[in-house]
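Note sheet for the following structure.
Only the coordinates and a few stated rules stand behind these numbers; no lab work does. Just so it is clear, the structure is predicted and the values come from calculations on it, not from any experiment. Cβ atoms come from the backbone with ideal geometry, glycine included; neighbour counts cover every protein chain shown.
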Amino acid sequence: MKFHFRYLNLIGCFLLVLAVSLSGRSVVADQTALTIHTATGAVTFQIELAVTPESRRRGLMFRESMPRNEGMLFVYENTKAVSMWMKDTLIPLDMLFISATGEIIRIEANTEPLSLRSIHSGEPVRAVLELGGGAAEEFGIQPGDRVSHEIFTSQD
């Protein structure tokens, strides 16, 4: 009898993990706050961190929505030129390319869902922040604005 209940419990856990993974959300996601300092004030977002090759590869693929105060920060081990694409990404995104000191170098606004077009950083960056399409304009975020998060080095 105990074996039967354990078996059913394992099946239930497996189905929960499967449902969450098919929904496009990770079961355990590193979430943290990130603040962007704009000309009109500070804006804070709750973000997921994409720090492993697998999490960066998956990114925000298959998500059907993105709350305005959330995003995903793609963090690279070294500062380098990067390119992104929208394959299997169902929603438009704003991509903010960020230097090692936290300066926003470039913004690619309202990227086209499901596109295979390469979107280049233009110069070496430490991270890319993806927000829902139109968020940069809505919050007044511009190139040159500063991002505060523990992955960026001091600007002093």
message: Net charge around Gly132, counting only other residues with Cβ within less than 12 Å of its Cβ (Lys, Arg = +1; Asp, Glu = -1)?
response: -4
- prompt: Let a ≥ b ≥ c be the square roots of the eigenvalues of the Cα gyration tensor of region 70-117; is it rounded (a/c under 1.5), or, if not, prolate (a/b larger than b/c) or oblate?
  reply: prolate
- request: State the extension gain, in nm to one decimal, for the chain segment bounded by Thr44 and Ala100, taking 0.36 nm per residue of separation less the distance between their alpha-carbons.
  value: 18.3 nm
- request: With unit charges on the beta carbon (Lys/Arg positive, Asp/Glu negative), name the residue among Val125, Phe139, Leu114 whose Cα is farthest towards the positive pole of the charge dipole of region 29-148.
  value: Val125
- request: Could you pull out every residue, at least 5 positions away or on a different chain, whose amide H is within less than 5 Å of the one on Thr38? Hs are placed 1.01 Å off N in the peptide plane, and Pro or chain starts have none.
  value: Val43
statement: Checked region 96-152 against the a/c 1.5 cut and the a/b vs b/c comparison, axes a ≥ b ≥ c from its Cα gyration tensor; verdict oblate
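About its Cα centre, what dipole magnitude does region 29-148 give when the only charges are +1 on Lys and Arg Cβ and -1 on Asp and Glu Cβ, stated in debye to the nearest 20?
It works out to roughly 260 debye.
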Cβ-based exposure ranking for Ser121, Ser148, in which fewest neighbours within 10 Å come first: Ser148, Ser121
task: Fewest Cβ neighbours within 10 Å first, please rank Thr101, Thr153 accordingly.
output: Thr153, Thr101
